[in-house]
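Read the figures in this text as sums done on the coordinates, not as results from a lab. Because the structure is predicted, anything quoted here is derived from the model rather than measured. With ideal geometry, Cβ positions are generated from the backbone for all residues, glycine too; neighbour counts draw on all protein chains shown.
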Amino acid sequence: MNKNKLILFSACMVTLLLGPGTGHLIMKEWRRAVLFITIALVLFLILASTFVSAVGHENLEAVAKFQNIEQFKNIYYKFQEDYPNKMLMFNILYAGLWAFTIVDLFKIAKIKGFFIKDNQ
């Protein structure tokens, strides 16, 4: 495996493990990395704000004070039951972003000539 393919493989694995945009950092595509990481964070912030507004800040404070993970699980599962469309939309958008960033890594590799065979 040559150096370029190893870089691409590493970028894909980092993206799969850490999330959209992180592999672009390995490929030194800073703007795209910031863009994809920002989009992922915005999706999580939208979901988090929906979650907090749905379950109430008081419930979350009560869970935090008692540090009861079981109570938090019950609240979260109820949120999933009450808002299945929002959860589905988040999952679709996040999975789509994740897949797009992997495809984008291969496009970048092709543009940079990672797949050109050496005749040496």
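Here are the numbers for this structure:
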item	result
Residue identified as in a helix (DSSP H, G or I), out of contact with any Ser or Thr (no Cβ under 6 Å at 6 or more places or on another chain), surrounded by fewer than 15 Cβ atoms within 10 Å (Cβ to Cβ) and in contact (Cβ under 8 Å) with a residue 24 or more places away in the chain among Ala54, Ala62, Ala40, Ala11	Ala54
Near pairs, Cβ below 9 angstrom, 6+ apart or cross-chain, from the range 97-119 (under 20 Å from Gly21 (Cα atoms) and in contact (Cβ under 8 Å) with a residue 40 or more places away in the chain) to any residue that is basic (Lys, Arg) and in a helix (DSSP H, G or I)	Thr101/Arg32; Asp104/Arg32; Ile108/Arg32; Ala109/Lys5; Phe114/Lys5
Positions within the range 72-89 being of a type in the set (A, V, I, L, M, F, W, C) and either under 27 Å from Phe9 (Cβ atoms) or surrounded by fewer than 16 Cβ atoms within 10 Å (Cβ to Cβ) (or both), in sequence order	Leu88, Met89
Residue in the range 19-37 that is in a helix (DSSP H, G or I), buried (at least 17 other Cβ atoms within 10 Å of the Cβ), touching a residue at least 60 places away in the same chain (Cβ under 8 Å) and of a type in the set (Asp, Glu) present	no
Total residues in the range 2-29, condition of a type outside the set (Val, Ile, Thr) and more than 19 Å from Ile111 (Cα to Cα)	6
One residue from Ile69, Ile111, Ile92, Ile102 being out of contact with any strand residue (DSSP E or B) (no Cβ under 9 Å at 6 or more places or on another chain), within 17 Å of Met27 (Cβ to Cβ) and exposed (fewer than 14 other Cβ atoms within 10 Å of the Cβ)	Ile111
Any pair with Cβ under 6 angstrom, 6 or more apart, that starts in the range 79-90 at a residue that is outside any loop (DSSP other than H, G, I, E, B) and ends at one that is surrounded by 14 or more Cβ atoms within 10 Å (Cβ to Cβ) and of a type outside the set (A, V, I, L, M)	Phe79/Phe51; Lys86/Thr50
